[in-house]
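Notes for the one structure printed next.
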Amino acid sequence: MWEAVLDLIAPSARFSRWCPVARTALRWMIAGSVALQPSAQMIHSRRSLHFAPEVSGTQNETASPESKRQAIMKSLKDLAAEQIRFDDAFLGKQRFSVDQHNRTLSYDLRPMPLNFVLSETDPLAMPLEVLIRVEALRRDFAAAISDERFWLASLDRIQQIVERCVSTSGFNVQSDQQRCNGEIDEQFEALKQSIADYATAHGLRLIEPPQTRGPVAAYRVHITIDPPRARVRVMPLLEYKKYEHFKTPSDQYEWSDLLDSEADMIGWYRYRAEWPKELNGPEEGNIEIKKKGTLTFRPTQK
Amino acid sequence: MDDTGLTEFKNVLTDFGQLNSVALKGAVVLPLADIWLKLGPPQSKAIGGLTALAEFLAVVCVFQFWSRVQDGKLRTRMKIALSLFLVGMASSLILLGRFSVSPGQDREKVIEGYSLRSDVRPLINDSYPAEQALRDSEYDAEKVWTKGSIAILHVLIIVAWTGTFACFAIYLTTFIILQRRVQPKANRAGNA
């Protein structure tokens, strides 16, 4: 039965192309949340990409909207906390750090694309993304500047806005959603200012957080893996040429996973598609992305 | 009220019927077109704004400080400005053509460097030029060249680009001042 549940969830988890472990963990957590909480269940119709815990069975008919909302919030908070515990590389990546030796401070308050969390159209994707961000920041602030208190109030305020705005169907109607998004953005802006003030007060130099990609705006590419039974990985072609030139063992190559989803890419890449043996096995080649569109991976015919 | 250079500047700007007024306003606004055309150095929004501001300052300074300069001196300065504009335009085009790559439609140009990174240098040869390495690195110049060499070339190109437009503004403004001096004389001759 749970295999069926996981199969239903699978297309909804279109997050990291870099972190398949994180993706798998979040899928399992969502499934676990369904299995362990009698008051919550996954609703999927026609394999739609929505995470919608609701009060089930007889409780569903009698529970008040407030108790439903609280159940949803609890599920979201638990998921966010679990995500931080299991994934410190992608959704739960480090967002704040202080280097006392070099007297520098870096932070990243930017949101993750919603389709990396749940389906983009899922009304709970936004609150879950915000809560994951808040939890990651809470963890990093507590580790780096536990004596300070400015961040506690800011993060609590953001969490309160999320709690207030989440209804039984995710964020409320569109006008409310816009208002809530605006309030959340305002709070993150205020937090950014507080961090800058803290840095100034302690003589720390603000530095850019490390970026995974270059400064040029890439093209949004829709990835299709057909049939979807291959692991497709890519790396910039220059990196591949460097590995070859310096004779790096192939098991030390740093590939990025491409999911059956969307990715931002530009220029030439080396790809490796690991098809099953009956579909000719692994296949490698070079691709160039020079406009937005769809990138389809299919095994070469015998 | 004294007829200062800035009064003349104001008169030119408010004289909507005159071609020179339109030309001057157009010259100041022209660099902003690069926000959409992306022909100049990156970042086009910042550089477009900076160039327009440099032109505006050049126009104001010329009106303020050169409006009472003798015709002969003004003609010489106008020729110098024109020469610098032509040299600057040629330099900008050569620098942009030699040291920038366009990643594709609607994308900002990427400025190259002149000194390759030590881990990339062994890969570069006639069959694998540095420009191809840039295409192979998601157009991240810092993965191919040293940061310092990229920064120096970027500054050089920005200075050449901004200076070129400033020289054009100076040339146009001195031309307008000279024309406005000629017109009253011509009008007086016509009335006589």
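The values are calculated or read from the model by the stated rules, or taken from the named source; none is laboratory data. Remember, it's a predicted structure, so these values are computed and weren't measured experimentally. All Cβ positions, glycine included, derive from the backbone under ideal geometry; neighbour counts span all protein chains shown.
Given the condition modelled with pLDDT of 85 or more, more than 12 Å from every other protein chain (Cβ to nearest Cβ) and within 27 Å of A:MET112 (Cβ to Cβ), answer yes or no: does some residue in segment A:280-291 qualify? Lay out the reasoning, then the answer.
Filtering segment A:280-291 down to residues modelled with pLDDT of 85 or more leaves A:282-291.
This time we only want the ones that are more than 12 Å from every other protein chain (Cβ to nearest Cβ), so: A:282-285.
Of the ones still in play, those that are also within 27 Å of A:MET112 (Cβ to Cβ) are none.
Scanning segment A:280-291, I find no residue that is modelled with pLDDT of 85 or more, more than 12 Å from every other protein chain (Cβ to nearest Cβ) and within 27 Å of A:MET112 (Cβ to Cβ), so the answer is no.
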Checklist outcome for this item: With criteria (1) without any contact (Cβ under 8 Å) to a residue 24 or more places away in the chain; (2) away from every other protein chain (no Cβ under 11 Å); (3) assigned to a helix (DSSP H, G or I), B:ASP126 comes up short on (3)
Checklist entry - Which one of these does B:ALA58 not meet: (1) surrounded by 19 or more Cβ atoms within 10 Å (Cβ to Cβ); (2) farther than 20 Å from B:TYR171 by Cβ? => result (2)
Checklist entry - What are the residues in segment B:90-114 that are in contact (Cβ under 8 Å) with a residue 12 or more places away in the chain, among the polar types (S, T, N, Q) and within 16 Å of B:SER44 (Cα to Cα), if any? => result B:SER92, B:SER100, B:SER102
Checklist entry - How many of the residues making up segment A:259-291 are within 22 Å of B:LEU134 (Cβ to Cβ) and within 22 Å of the chain's Cα centre (by Cα)? => result 4
Checklist entry - Can you name the residue in segment B:130-141 that is out of contact with any strand residue (DSSP E or B) (no Cβ under 7 Å at 6 or more places or on another chain) and within 20 Å of B:HIS154 (Cβ to Cβ) and, of all such residues, is farthest from the other protein chains (Cβ to nearest Cβ)? => result B:ALA133
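Within segment B:87-112, how many residues are more than 14 Å from every other protein chain (Cβ to nearest Cβ) and surrounded by 14 or more Cβ atoms within 10 Å (Cβ to Cβ)? So that I can check it myself, show each step before the final result.
Taking segment B:87-112 as the starting set, the residues that turn out to be more than 14 Å from every other protein chain (Cβ to nearest Cβ) are B:87-99.
From the residues that got through so far, the ones that are surrounded by 14 or more Cβ atoms within 10 Å (Cβ to Cβ) too are B:87-89, B:91-93, B:95-96, B:99.
Matching residues across segment B:87-112 total 9.
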Checklist entry - Residues in segment B:118-126: is at least one surrounded by fewer than 22 Cβ atoms within 10 Å (Cβ to Cβ) and within 25 Å of B:GLU55 (Cβ to Cβ)? => result no
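Yes or no, residue by residue, for (1) surrounded by fewer than 17 Cβ atoms within 10 Å (Cβ to Cβ); (2) assigned to a helix (DSSP H, G or I); (3) modelled with pLDDT under 85:
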| site | (1), (2), (3) |
| --- | --- |
| A:VAL55 | no, no, yes |
| A:GLN59 | yes, yes, yes |
| A:SER67 | yes, yes, yes |
| A:LYS74 | yes, yes, no |
| A:LYS77 | no, yes, no |
| A:GLU82 | no, yes, no |
| A:ASP88 | yes, no, yes |
| A:LYS93 | no, no, yes |
| A:HIS101 | yes, no, yes |
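Inside segment A:238-300, counting only strands (runs of 3 or more DSSP E) that do not spill past its ends, which hold 2 or more residues that are polar (S, T, N, Q)?
Values: elements: A:256-258, A:262-265, A:267-274, A:282-289, A:293-297.
Strands (runs of 3 or more DSSP E) meeting the threshold: A:293-297.
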Checklist entry - Taking into account only those residues within segment B:17-48 that are touching a Leu at 6+ places or on another chain (Cβ under 9 Å) and part of a loop (DSSP other than H, G, I, E, B), which is surrounded by the most Cβ atoms within 10 Å (Cβ to Cβ)? => result B:PRO41
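Quick check on my filter: what residues within segment B:142-156 are in a helix (DSSP H, G or I) and facing another protein chain (nearest Cβ under 8 Å)?
Start the filter on segment B:142-156 by keeping residues that are in a helix (DSSP H, G or I), which leaves B:142-143, B:147-156.
Passing the criteria: B:GLU142, B:LYS143.
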Next on the checklist: Looking only at segment A:215-243, how many residues end up being of a type in the set (Ser, Thr, Tyr) and either facing chain B (nearest Cβ under 7 Å) or in contact (Cβ under 8 Å) with a residue 60 or more places away in the chain (or both)?
Outcome noted: 2
